[in-house]
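The values are calculated or read from the model by the stated rules, or taken from the named source; none is laboratory data. Predicted, not measured: the structure shown is a model, and the values here were computed from it. Note that each Cβ is placed from the backbone with ideal geometry, even for glycine, and that neighbours are counted across all protein chains shown. For the accessible areas, the whole protein counts, side chains as well, though only heavy atoms, and no ligand, DNA or RNA atoms are used. Shrake-Rupley method; radii C 1.70, N 1.55, O 1.52, S 1.80 Å.
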Amino acid sequence: MPGLINFTTKTMNKNIRHSCTTLFVLLVIFITGCKDQWDQRDLISDTALQNNLSVQIAQNSDLSIFYQYVIKTGYDKILAASKTYTVFAPNNTAMQGVASTILTDSAKLKQFIGNHIVNLAITTNMAASPLRLKTLNGKNGVLTSGTFEGSNILKANLYANNGILHIIDAAVIPKMSIWEFINSQTALGQKQIAYIKSQNYVYQDTTLATVTGVDGNGRPILKPGTGLVNKNYYLDQTADLRDEDQQFTYIILTDAAFDAENNKVTKYFTTSTADSTKTLAALNVTKDLVIPGVYQQPQLPDTLLSVKRVKVPLLRGTTIVQSYNASNGIVYVMTGVNFRLTDKIPTIVIQGEDAAFFARTDRAANIAIRLRNDPSGVPYKDLFISGTGLPASFYSGYRVRDANSVTYKVYQRAINEQLSAGTAATATAPPVLPTPILFNQQISVFSPFTAVTNFGYQSVAYMNYNEVLVGTYVNTRYGYLKITASGANSTSVNANSISLDYLKFVPVLP
Amino acid sequence: MKKYTNNHLVLAILIILGTALTSCKKAFDLQPKSEVDITNNYQNVYDVNAAVIGIYGQFMKLAEQYVVLNELRGDLMETTPNSDKYLLEISQHKVTAGNPWADPRPFYKVIVNCNDVLYNLKLMLAANKINQSDFDQRYSDVGALRSFLYLQLGIHFGSVPYVTEPLANINDLKNTSKFERVPFKSLIDSLVTFTAALPYLEPYSATTSTTSNPSTSLVTTADGYLTKYNFISKRCLLGDLYLWQGTNFKEAARQYRIVMEYQTNNSNITTGYQTYKIAMADIANNNDLTVGYLRNRTFDINSLINSNTQGWRSIFARPQDALYDTEWLWAMTFDSNFSPVDPFIDLFSNQGGRYLVQPSQNAISNWNSQTQLNGFPFDQRGPFTYKVINGNPVIVKYLYYYLDANSFAPIKILQQNGKWFLYRAETLNLHYAEAANRDGRGKLAFAMLNSGIKNIFNGVYPNPVTLYPLPTDVTNIEQTFDSPPYDFDARQGDAPRYRSSWYQNTGIRGRAYLTDLNYSLATNTQGLEDALIQESALTLAYEGQRWPDLLRIALRRNDPSFLANKVADRLNRDGFGAAAGAAQAKLSSGDYYLPFNW
């Protein structure tokens, strides 16, 4: 047995010795052999990735014309920077087709070159669904998997160490924005464009202006002529057609159509001067020519909603004279848009609970805003004024800013829930059940230009959920109206109450 | 040379081994110096107090699971897009193994500790280490809490092992050969027997039999909060157990009634009139717990009493003051100054929490189908219970201590204070009414549910008193003329003068400023029971009552559809049509329970 043990130990020792030798050899190989590879672990073997975009473009002989203008506009320095870019570079054939008016005008050239550069690394496989990319000139370009702004991508996804290069087969000429297009038009739609241009104004932005000092009240004194910003009232009231990041469909009416639409609405904007009427009517016509979103011609629907939520009936007895794909949408020049007058001269609804003022400010305890469901289960809020201490002829008041010069039919919905207490039963007589208590209230309309119109005190029926015609109001001037709902000239509780869910001013239109 | 070394090694190992084996013995016999050994844990009443507080501390960790199981399985709470698959499983009644919400072990963990305390308390009493009065109070409290936990386990898991001995390994419970599963019905019988026999069913006494310093009483103030609201109300639990058992409704009512009368003889008469009695509104000053409007302006939505210190909303927002005491029987406090962290902010809030659950469409339409006395077409308790914050409907009942009273933004995002709402006067009154209704007292139950005892028992109801005036002498009206525990006196008169103990009772719906239900319910036991359960959904929503309510009635009537239809309706209306069918089929077959598995 000991012999056996000795033998195994010897064999084991031999084995271990062998293993040690093997291990040592391996170690030596490992230490000596790995050295170079380890040091090269971060070496870039792909030569394309050793160069930035600027160099990449310069080295590509098919991009030599493009590169020439990149240098001219100084974009070569930007493309050599450490930010990340994507360049859609037109090849030489494409560049030869670019008009010399662009290439010789340094401002236009800068716009043009900037239109091909995006401040992001984008490969074509990211554009499975079209991407709208902001280019360095502030415009946006649409990338699909095979095209950029309609130009075919010939060579896609060429890497550089600061971005990606695509070679395209046609130069992408910067498009005008809708606003630029409007201002550039000299033939069609001149009347509408003249109106829009007339709404230009300049104002001094205090945050941009140079401050020269502080006046006695602590307000900054601004240096004249600094911080001036060009604005346009029309854009202020509709949507900013200059904004490259939004998209609109815009309609320009031909002069005949513009006149026709204006003629339809002018009489509803009667004011003291013809000029202001003209401007107001023009605004009324044009405010609904701005439609959010882009609607290309084949998919152009029958009716769209304008930014002001008014129905725009397109293509109903009208034709498109011209269309232009702008950088932020599409412009159609049309022979008309047959707006419905009921959409343009809207019904005015005044909610009772939205009172702007009351006869007195100290009667809050009498004023209640009630929450209710009508018999069909539709929730509504109304105003109910009642109770002890309510002065005679108390009223709630409302303001309307833009009533048209038109005859209005005035309706009210007022729900009278008043019930008497009833009479308690006695030993000899049964109880008398509660009965409705009616009350009278009056709607009055005040215009700055005419005497007050009182529609007279009218009884408010018990639990009547219908709209009741209060009277007809002829508004002679466009603009401001004040309306009141007054209680009876009494101080008796329940007799001088006021109840109003809403008032409706429905214009009488042809 | 090699041999030599080997021998040395063997020798060394032998020496080390030898030393270790011989010398360890004494080391193990040494008592630990920084910790109390288990055999020395229970030496005096302070040790027991520490154990009781420890158990309740552990119990608090069940808060989130309790609310999720009891509400999300019912029809008032719904998942949100943030909910994970486990919450969806609970909500849609298709729980799979490994669902942490359906794990019974956290409950058993507390139960095992209860068993340990109960066991050692008996040893201490035998060894005269604790006096009888201290023993009775603590033994009953821990025993009742254990019964409460078992009731919860039964509600959710059906058949569970009823273990009353100290237990070493919780995972053994899964082994049915070691621990027999007791069916829910037998479990309730055992729980009734055990709980009813507890030696002490009142709240912990604030006074003590000894003059030890510090006081041995568990009723004190800790970290700025009164501790008395932490402990289970044993009689409420016992009443609930009788209600579940369904064979002795009178005994259930009797237990509830004792609680209702706890403060009746309080030297402060206001306390006497109001505590647990659903007192009427303080019309002049609105210092009450009712849905109310400014006096004489009750038709104006802008005059709604909507604050953290007045009106119904303040039940869930007020400090532990006198009015709080009239309502709350059991509510545990979470505070950022001590552990555990309030789990409800994470569960409910979309500001500083994960917003995992929201009110269901069913719950919202329940509130919107009520009418207030001023004609407003909704139950104001709805807007007090949930609120649309940042576009999402958020259950705010649990968030009033965390959110700003007006802006509903967190006061301090990390200062997560809140409460676990377990039992309050409305729970008590509704459960009493449920028992009374089943015991042939429909009119009394109707009174407590609607506009209160004085009104319903005035002799002319349902005619209005404006048309049918009451006599000046109210001696013979405004009371139930019934035997205990149904004998209520709610007289209020001036000639002769009466201000009986229940005259302020305004009923659950009266407190919510809602119109009474149809009086015909007073003689329609099943219809009134439906109405009571419906009212519980309106007022106790998200307080962990809904699933037990539905299950209790479904079991009592042996009618699974009572529960199944409501759950299916919720899932359908919340856009889980496919899950609704499966859940309805499962529940309709009487398969109400979660798998007892982990």
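Go through A:I483, A:I71 and list them by solvent-accessible area, largest first, probe radius 1.4 Å. Each step should come with its number before you reach the end.
On the way: A:I483 0, A:I71 80 Å².
Highest to lowest solvent-accessible surface, that is A:I71, A:I483.
Heavy-atom accessible surface of the range A:47-168, averaged per residue, reaches 44 Å², computed with a 1.4 Å probe. The mean accessible area for residues of chain B, using a 1.4 Å probe and ignoring ligands and nucleic acids, is 41 Å² per residue.
Shape summary of the range B:44-260, radius of gyration then Dmax from alpha carbon positions: 18.5, 58 Å. Sites counted here are GluC sites (Glu not before Pro) in a DSSP loop (not H, G, I, E or B) having no more than 16 other Cβ atoms within 10 Å; the longest part of chain B that contains none of them is B:262-598.
Local charge sum around B:V394 (other residues, Cβ-Cβ under 13 Å, Lys/Arg +1, Asp/Glu -1)?
Working: positive: B:R354, B:K387, B:K397; negative: B:E78, B:D346.
Residues near B:V394 contribute +1 overall.
Ligands, DNA and RNA excluded, the heavy atoms of B:D300 present near 10 Å² of accessible surface to a 1.4 Å solvent probe. On association of chains B and A, roughly 1300 Å² of accessible area becomes buried (total for both chains; probe 1.4 Å). Radius of gyration over Kirkwood radius for the range A:329-373, both on Cα atoms: the Rg/Rh ratio is 1.34. If you look at the Cα atoms of the range B:465-576, you get an Rg and a Dmax of 18.9, 61 Å.
Only beta bridges with both residues in the protein assembly as shown are counted; by DSSP, about 90 percent of them are antiparallel.
Taking every residue in A:355-366 and counting other chain Cβ atoms within 10 Å of its Cβ, the average works out to 1. Given R₀ = 51 Å, FRET efficiency for A:Y465-A:T206 by Cβ-Cβ distance, to 0.05? In this case the efficiency is close to 0.45. Take the Cβ atoms of B:N524 and A:N494, set R0 to 41 Å, and the FRET efficiency comes out at 0.60.
Heavy-atom surface analysis with a 1.4 Å probe gives the range A:363-495 a carbon and sulfur content of 55 percent of its accessible area. Solvent-accessible surface, computed for protein heavy atoms with a probe of 1.4 Å, shrinks by 50 Å² or more for the following residues of the range B:285-302 when the other protein chains are added to the isolated chain: B:R297, B:F299. With Cα atoms as the point set, the radius of gyration and Dmax of the protein assembly as shown evaluate to 41.5, 135 Å.
Computed from Cα positions, the angle between helix A:2-39 and the longest principal axis of chain A comes to roughly 70 degrees.
A simple count of charges around A:K231, restricted to other residues whose Cβ falls under 11 Å of its Cβ and scoring Lys, Arg +1 and Asp, Glu -1, yields -2. Over chain B, DSSP H runs of length four or greater, each weighted -39,500 (n - 2.57), average out per residue to a 222 nm ellipticity of -13000 deg cm²/dmol.
The length gained on full extension between B:N265 and B:N368, counted as 0.36 nm times the residue separation minus their Cα-Cα distance, comes to 33.1 nm. Pairs of lysines in the range B:44-260 whose Cα atoms sit within less than 26 Å of one another amount to 27, provided the residues are eight or more positions apart or on different chains.
The solvent-accessible area of B:K250, taken with every protein chain present and a 1.4 Å probe, is close to 100 Å².
Zone of A:N119 (label point 7 Å along Cα→Cβ, backbone N under 18 Å): which residues in the range A:51-65? Only A:53-54 fall inside the zone, counting backbone N under 18 Å.
Sequentially through the range B:511-528, phi angles give Karplus couplings (6.51, -1.76, 1.60; θ = phi - 60°) of 5, 8, 6, 9, 5, 5, 7, 4, 5, 4, 4, 4, 10, 10, 4, 5, x, 5 Hz, Gly and Pro residues having no value and appearing as x.
Assuming R0 = 60 Å, can you tell me the calculated FRET efficiency for the pair B:L123 and B:A582, based on Cβ-Cβ distance, to the nearest 0.05? Rounded to the nearest 0.05, the efficiency is 0.75.
For the range A:391-425, accessible area lost to neighbouring protein chains reaches 40 Å² or more, against the chain alone with a 1.4 Å probe, at A:A424. Among the protein heavy atoms of the range B:300-361, carbon and sulfur supply 47% of the accessible surface, probe 1.4 Å, non-protein parts ignored.
The angle between the Cα long axis of helix B:577-588 and the longest principal axis of the Cα atoms of chain B comes to about 80 degrees, rounded to the nearest 10.
The angle between the Cα long axis of helix A:255-266 and the longest principal axis of the Cα atoms of chain A comes to about 40 degrees, rounded to the nearest 10. Here chain B is described by how far its Cα atoms reach on the three principal axes: 119, 62, 48 Å, from widest to narrowest.
The modelled label-to-label distance for the pair B:A409/B:R499, using points 7 Å beyond Cα in the direction of Cβ, is 4.6 nm.
Does a label point 7 Å from the Cα of A:Q322, set along Cα-to-beta-carbon, have any residues of the range A:151-189 with amide nitrogen under 12 Å, and which are they? Hits in the range A:151-189 for A:Q322 at 12 Å: A:181-189.
Please compute, over every Cα-Cα pair in chain A, the percentage with a separation greater than 46 angstrom. Before the final figure, lay out each step's value.
On the way: 60027 of 129795 pairs.
Considering chain A, 46 percent of its Cα-Cα pairs are separated by more than 46 Å.
Leaving out ligands, DNA and RNA, what percent of the accessible area of the range B:44-260 is carbon and sulfur, probe 1.4 Å?
Details: 4260 of 8160 Å².
That fraction is 52 percent.
Projected label points at A:R401 and B:N41, each 7 Å from Cα along the beta carbon direction, are separated by 7.4 nanometres. Accessible-area rank, largest first, for A:I251, B:I477: B:I477, A:I251, with all protein chains present and a 1.4 angstrom probe.
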